[in-house]
Structures are given as C-alpha cells and as structure tokens.
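Taking it in order: structure first as structure tokens, then the write-up.
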Amino acid sequence: MRIGYLIFAAAIASLAAGQQSPKTRCDFDGFDTSSKLAETLKTGDPVVVNRIEGDWTCGYLVGRKGSGPGWVRSKEIRVVDFDPNPPLAAWAGTWVQGENRIRIQSSKTSGKLDLEGEAYWHGFGDNVHTGNFSADTTPTANHVHVEDDSCHIDLALIGKYLLANDNNSCGGTNVRFWGVWKRRAQTK
C-alpha cells in the first residue's frame, strides 16, 4: 500500500460564490460529495489532488469547517514545496487531526524514527472506538511505512503536512489514520 497523490496543493484564494463546479461526481477514495466545502476554504488550506477536469480539480479538501472530497478551481491552488529527502528531525513532533495524534521522534536506533499514534471514532451516544500503533521504522525519502501487528500505515511528509493512509485495520470500527495531519504547535 502506498499513498497515491498527484499533487499536494494549498488553496491560494477562496472559491467565489456562484461559480459552478463540474456536474460529474468528485469521487475520492470511495467517497462522493455534493457539499459546498470548497466555498469554506481559506488561503493555505490543503488540497490533496485526485484528478483534474478542465479548469477544475477534484481533491480531498481540508478546511476549518471539515474535510472531504470536493471540486475547486485549479487556478485557485498551488503546489506545496517540500523536501523529497527530509532529515529525520523534519519528521519530529506531534501531528494532529482533530483529537487524533501521531507522535514522531528520533529512535534510539540510528537512522530510524519512533512513532506512536492514537485515533478515535465517536458513534452514537457514548460509543467510542479507538485505535493505536507503536513502531520504529526507517524513512525512505519523504515516506514512512509503519507496521504494528495487522495495522499498516503509510505516511508522506509534504512540507508542513503529514499525509496518511492506512489499511483500515488499526483499531475499532471507522477508526482511521488517514488524511491530512498538521504538526501541533509547541507550547512554551
């Protein structure tokens, strides 16, 4: 399993109201949306590109009001610069996606990273499903593959973002290490 992405981009302007996206569905990793999520994007919000159709890009959008697939005008996004061979220190930190966490630090073994993650899915009422992993691994360029028992996760370090994809076997129902993660700010 590898993370498949064409381009990782960031919005450079919000979508102007009234612009019409393509009528075709924006399917992305099994999801479809007809939401207006693109209208809530702000400058700098990440977009993981799936496909381009004319002047429009279908991608996974991460905005302040949620995330999911949607259409955005191609001219409104730019490619994110990233180091294709980042040093180990570039991975270090606590990466967050809502209440989910991935902690990455240098391992005691030279050239390796120590990773720990925890994720949650809240169902009906007090029903909470959890998942976690812990592993040491060696990065290959800007990619890391993690295996902890049946849980397999691929990570890509793209600028200030961590892009994750798992095999859907890292915890309870609907628990995923998937999507775009941001490094948590250091508290002083």
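If only residues of the range 120-174 that are part of a strand (DSSP E or B) and touching a Pro at 6+ places or on another chain (Cβ under 6 Å) are counted, the one that is nearest to Lys108 (Cα to Cα) is Leu157.
Of all residues in the range 97-128, those satisfying the criterion of being under 19 Å from the mean Cα position of the chain (by Cα), open to solvent by less than 30 Å² (accessible area, probe 1.4 Å) and closer than 18 Å to Asn174 by Cβ are Asn100, Ile102, Gly117, Ala119. Just checking, how many residues over the range 68-96 are open to solvent by less than 70 Å² (accessible area, probe 1.4 Å) and either part of a strand (DSSP E or B) or free of Cβ contacts under 8 Å to residues at least 12 places away in the same chain (or both)? Residues that pass the stated criteria total 11. I want to confirm something. Restricting to the range 46-67 and keeping residues that are open to solvent by 10 Å² or more (accessible area, probe 1.4 Å) and hydrophobic (A, V, I, L, M, F, W, C), which single residue is farthest from the chain's Cα centre (by Cα)? The selected residue is Trp56. Taken over the range 129-188, the residue count meeting the criterion of being surrounded by fewer than 18 Cβ atoms within 10 Å (Cβ to Cβ), hydroxyl-bearing (Ser, Thr, Tyr) and within 24 Å of Gly63 (Cβ to Cβ) is 0. In the range 111-127, the qualifying residues are those that are touching a residue at least 24 places away in the same chain (Cβ under 8 Å) and not charged (D, E, K, R), and the one that is farthest from Ala89 (Cα to Cα) is Gly123.
Taking each residue of the range 49-66 that is under 18 Å from Trp178 (Cα atoms) and looking for partners that are charged (D, E, K, R) and open to solvent by less than 20 Å² (accessible area, probe 1.4 Å) with beta-carbon atoms closer than 8 Å, six or more apart or interchain, yields Leu61/Asp45; Val62/Asp45; Gly63/Asp45; Arg64/Asp45.
The values are calculated or read from the model by the stated rules, or taken from the named source; none is laboratory data. Predicted, not measured: the structure shown is a model, and the values here were computed from it. Here the Cβ is made from the backbone with ideal geometry for all residues, glycine too, and neighbour counts use every protein chain on show. These accessible areas exclude ligands, DNA and RNA; they are computed on the full protein's heavy atoms, side chains included. Shrake-Rupley method; radii C 1.70, N 1.55, O 1.52, S 1.80 Å.
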